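See below for the structure under consideration.
The values are calculated or read from the model by the stated rules, or taken from the named source; none is laboratory data. Just so it is clear, the structure is predicted and the values come from calculations on it, not from any experiment. When we count neighbours, we look across all protein chains shown, and the Cβ atoms used for this are built from the backbone with ideal geometry, even at glycine. These area figures cover heavy atoms from the full protein model, side chains too; ligands, DNA and RNA do not enter into them. Shrake-Rupley method; radii C 1.70, N 1.55, O 1.52, S 1.80 Å.
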Amino acid sequence: MSKEKTTYTCTECGGSNSKWLGKCPHCGAWNTLIETATDTGTPAKNRFSALAGTSEVMPLADIEATDISRTPTGIEELDRVFGGGIVEGGVVLIGGDPGIGKSTLLLQAMDALQRSGMSTLYVTGEESGAQVALRSKRLGLDKSQVRVLAEIQLEKILGVISIDKPEVVVIDSIQTVYSEHLTSAPGSVAQVRECAAHLTRCAKATGATIILVGHVTKEGALAGPRVLEHMVDTVLYFEGDTHSSYRLIRAIKNRFGSVNEIGIFGMTERGLKGVSNPSAIFLSQHPQPVPGSCVMVTMEGTRPMLVELQALVDAGGPSPRRLSVGLERDRLAMLLAVLHRHAGVACGDQDVFVNAVGGVKISEPAADLGVLLAITSSLRGKAMPEGFVAFGEVGLAGEVRPAPRGQERLREAAKLGFAHAVVPKANAPKKPIEGMQVIAVERIEEALEAVRALQ
Ligand code: TYD
Ligand code: MG
């Protein structure tokens, strides 16, 4: 056995140093050296040449492409984001804010898998076994056979996995696990990376599916799930406002499936329940239309969803603020410039706040038109007409560009009783949609004009 020694590796250039320094001696970056455990028993030069030939090199065409088998978790909305189910030897990272429902969902999924005959291991580092038992009672899973291990030392966890041979393992959470080979505290970048790397190797070696839970830390990237994204096969993030009852799970990386689909859940008294028809959940039900609100149709995977966008434009101080929740801030600044330049609507000295209702994050540019209409509506203090919906990307030249799958978006809005729509010209339906007046526009000025005529 070779002895382990601690060195410090730069996360920027990969250079190593024997002691920790604030500045990397190789590339000069600050605060990038992190502790790593390395083997010292190997000679430095030409140490790999003896290994040549021990692994076979083959033409790609000769390698058999075996289809991956998936095991559905039994929770439909979760399987949808997984791309059908969990994969043998796959490593999944589930990130999200504390309290959003990661432990709840995974306990439900583990119970369903155990019931279907798979052997499970739920490693809890954040809560005691008793707390997990309490949660399972709350979820109505009191007779659950899920195997629980309250442990935070990596070596002990790996030991249990090698003896117990579970088929699915949950590590809740990766930030509580520590390896005794490193001196840094649990939750530090070094520990989180080292432990995740060992667990990943363990998954590949044993064929167990390992699900790592990661908290999004306050500082954002540091030691949060982001540092692990490149190591794992699938990365899922929870979205949603912890105060509202809806939660979204989005795949941002999936080596075994598409990243388009999202899973939607409602938090109930008895855990998370899938929402199979989510199209209207992100609308706040105003008794009467209010200024500063515009509904758009977003496409999440294969499902259209109506989301209310809200804007508040208010007299600002010497440096007016632009804040957005659920929408990109840079895009907001760009849209305000387009509005000024091409439609003559100035918000230069005003604070502008925009928000997507329900804590949903919208990254598609098809939200642009809705955002601009909500802003002008707030600025003028005039509500949009009742049953109004809009979508379309807005370009820097003031043009309104089509959104993918416009017909489906329009049909969904019509189904929910929306009677007026302003859409890009290329998205105009060939046949009229019953009960819906569709106004096709090519430029932002036309869109504003069309809305004014309806108000
Ligand atoms: P939890 O799964 O502990 O969140 P995380 O692991 O992501 O930190 O869920 C926390 C919240 O969910 C908690 O505030 C209570 C709520 N909850 C319910 O509303 N219903 C339930 O059945 C359960 C178990 C939790
Ligand atoms: Mg938890």
√(5λ) per eigenvalue of the Cα gyration tensor, the range 70-276, largest first, Å: 23, 19, 18
Rounded to 5, the percent of DSSP beta bridges in the range 309-430 classed as antiparallel: 55 percent
In Hz, Karplus ³J(HN,Hα) per residue of the range 296-306 (6.51, -1.76, 1.60; θ = phi - 60°; x = Gly, Pro): 10, 10, 9, 10, 10, x, 9, 10, x, 9, 8
Coarse-grained scattering of the range 293-454 at q = 0.10, 0.13, 0.18 Å⁻¹, given as base-10 log I(q)/I(0) from a Debye sum over alpha-carbon atoms: -0.31, -0.54, -1.05
Placed amide H near Gly95: partners under 5 Å, 5+ positions off or other chain: Gly214, Leu236, Tyr237, Phe238
Karplus 3J(HN,Hα) series, Hz, for the range 106-119 with 6.51 cos²θ - 1.76 cosθ + 1.60 (x for Gly, Pro): 5, 5, 4, 5, 5, 5, 5, 5, 4, 4, 7, x, 8, 8
Amide proton proximity set for Lys253, modelled H, under 5 Å, gap of 5+: Val235
Centre separation in Å (Cα based) which lies between the range 92-111 and the range 166-209: 17 Å
Equivalent ellipsoid dimensions for the range 230-326 as semi-axes, Å, which come from the Cα gyration tensor, largest first: 29, 19, 14
For the range 123-135, Karplus couplings with θ = phi - 60° (6.51, -1.76, 1.60), whole Hz, Gly/Pro x: 8, 10, x, 8, 10, 7, x, 4, 5, 5, 5, 4, 5
Surface accessible to a 1.4 Å probe, Asp111 within the full protein complex, Å²: 10 Å²
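Summing +1 for each Lys or Arg and -1 for each Asp or Glu, what net charge is found among the other residues whose Cβ lies under 10 Å from the Cβ of Arg250? Kindly include the intermediate steps, with their values, before the conclusion.
Numbers: positive: Lys361; negative: Glu239, Glu261, Glu300.
Net charge in that neighbourhood comes out at -2.
With a sphere of radius 13 Å drawn around the Cβ of Gln131, what net charge do the other residues whose Cβ falls strictly inside it have (Lys, Arg +1; Asp, Glu -1)?
Working: positive: Arg135, Lys137, Arg138; negative: Glu126, Glu127, Asp172.
Surrounding charge for Gln131 is 0.
Stokes-Einstein D for the range 345-394 at 10 °C, 1.306 mPa s, Kirkwood Rh over Cα pairs, in µm²/s?
Values: Rh = 12.1 Å.
Reported coefficient: 131 µm²/s.
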Cα convex hull of the chain - mean projected area over all directions, nm²: 28.2 nm²
Sum of side-chain charges, Asp172 neighbourhood, beta-carbon under 13 Å (Lys, Arg +1; Asp, Glu -1): -1
Where no second cysteine Cβ lies under 4.7 Å, the cysteines concerned in the chain: Cys195, Cys202, Cys294, Cys347
